[in-house]
1. Which one of these does Asn30 not meet: (1) outside any loop (DSSP other than H, G, I, E, B); (2) surrounded by fewer than 18 Cβ atoms within 10 Å (Cβ to Cβ)?
2. Looking only at the range 60-79, which residues are modelled with pLDDT of 95 or more and over 30 Å from Gly209 (Cα atoms)?
3. Against the condition of a type in the set (Lys, Arg) and open to solvent by less than 60 Å² (accessible area, probe 1.4 Å), how does Arg91 come out, does it pass?
4. Would you pick out the residues in the range 285-336 that are open to solvent by 70 Å² or more (accessible area, probe 1.4 Å) and under 20 Å from Leu144 (Cβ atoms)?
5. Mind checking which residues of the range 162-182 are more than 15 Å from Asn134 (Cβ to Cβ), in a helix (DSSP H, G or I) and open to solvent by 60 Å² or more (accessible area, probe 1.4 Å)?
6. Looking only at the range 53-95, count every residue that is assigned to a strand (DSSP E or B), under 25 Å from the mean Cα position of the chain (by Cα) and among the basic types (Lys, Arg) and tell me the total.
7. Quick one: in the range 273-284, which of the residues that are out of contact with any Cys (no Cβ under 8 Å at 6 or more places or on another chain) and open to solvent by less than 60 Å² (accessible area, probe 1.4 Å) is nearest to Tyr331 (Cα to Cα)?
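The values are calculated or read from the model by the stated rules, or taken from the named source; none is laboratory data. Bear in mind that the values here come from a model prediction, so they are computed numbers and not experimental data. Every residue, glycine among them, receives a Cβ derived from its backbone with ideal geometry; neighbour counts consider all protein chains shown. Heavy atoms of the whole protein, side chains included, go into the accessibility calculation; ligands, DNA and RNA do not. Shrake-Rupley method; radii C 1.70, N 1.55, O 1.52, S 1.80 Å.
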Amino acid sequence: MSIEENKAMHHLSQMGWTAFFQAQLEPFANDGVMPARVVGVSKNSFRTSDGNRERLATLAGRLKHNADDLYPVTGDWVLMTDAVISRVLVRKNALSRGASGTHNKQEAQPQKEQVIAANLDTVFIVCGLDRDFNLRRIERYLTLVYNCGLTPVILLTKADLHQDPEPFVGDVEAVAFGVPIHLVSASDDSGLDALEPYLSPGRTTTMVGSSGAGKSTLVNRLYGSPIQLTGSISSHVGKGKHTTTSRDLIRMPQGGMVIDNPGIREIAFWDVDKGIETAFPEIEKYSQGCRFTNCSHTHEPGCRVLGAVDDGDISGDRLENYRKMKRELEYLADRQQKSADRVEKERWKEVALKIKAVNKRKKNM
């Protein structure tokens, strides 16, 4: 490998390029394509970076019209010919949710997936210690992150608003088993040093949380200078104003990368995995002792979960949140399975029609 090629690979590795993506590049190595990472998405163009320079790119026509191809999102790795994205490489992972607009109504479940960011090492769940603080919302974020197979870290911002913010940590520890929790304050930089390991070279983190939770302010403090637009604290509601309107991958002085996100109003699920079991391990453990295997933990005799609530080992609010999300995920899984069955049925219907047409032609010959 030449000196120039070594430099190029070094720049790519600083952007998170690994053997996983290198293996996907090999079949196209002689096609004159170059790998780059999507660092920003606008309506008709993409900002990409090879670790050395950024450039604007457009999407090849095939990718625009072929539903089987991935549509690039921030964090994706792509192959480019000149300034045209010709292929999106298979993602290591992705943070996705149901497209917004359902207002958490089960009868109006999201109809499509919205990929928030791709190829991540960590997801920062950001919660302000003001009116934004909500344990039930944190549980929902954890379930979303675990459903996507990602690693959560909880950041409790605006710690300076309280003389003793430690009790908040205890409250969160009671619902986020084994998840790292960091108290931080962007106003005086307390707690920021503990975030350095998540921002080491080549690592990618994204931030999720409500509008005004302090995500952009935190990015600015970690960066060392204003790079994201922020809003002042609203005196009326006592929380920050939403300012982020796009998803940009920001290269940090520490060497890693952060994807800031607009505030999420609706935490709608799309992926259906083991997220709820991971987010509520104690409920899953108690449920193994229930008399009925299909126990709903609402009224059944011999329900160990309800017994744990009566004994004070599980809070009633936490169980109710669990039941609500369990219903949503079961409904979503059932609908997705029916959709998959319908697609398969349509595919075989098409095959049957083709066979019928071939047989008819043979009969007329």
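1. Every condition holds for Asn30 apart from (1).
2. Within the range 60-79, just Leu79 meets the criteria.
3. On the way: of a type in the set (Lys, Arg): yes; open to solvent by less than 60 Å² (accessible area, probe 1.4 Å): yes.
Yes: the conditions hold for Arg91.
4. The answer is Asp317, Glu320, Lys324, Arg327, Glu330, Tyr331, Asp334.
5. Within the range 162-182, Glu166, Pro167, Glu173 meet the criteria.
6. Selection size over the range 53-95: 1.
7. Ile276
Okay, residues lined up against (1) within 19 Å of Phe177 (Cβ to Cβ); (2) touching a helix residue (DSSP H, G or I) at 6+ places or on another chain (Cβ under 9 Å); (3) at pLDDT 95 or above:
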| site | (1), (2), (3) |
| --- | --- |
| Asp248 | no, no, no |
| Glu266 | no, no, no |
| Phe280 | yes, yes, yes |
| Lys326 | yes, yes, no |
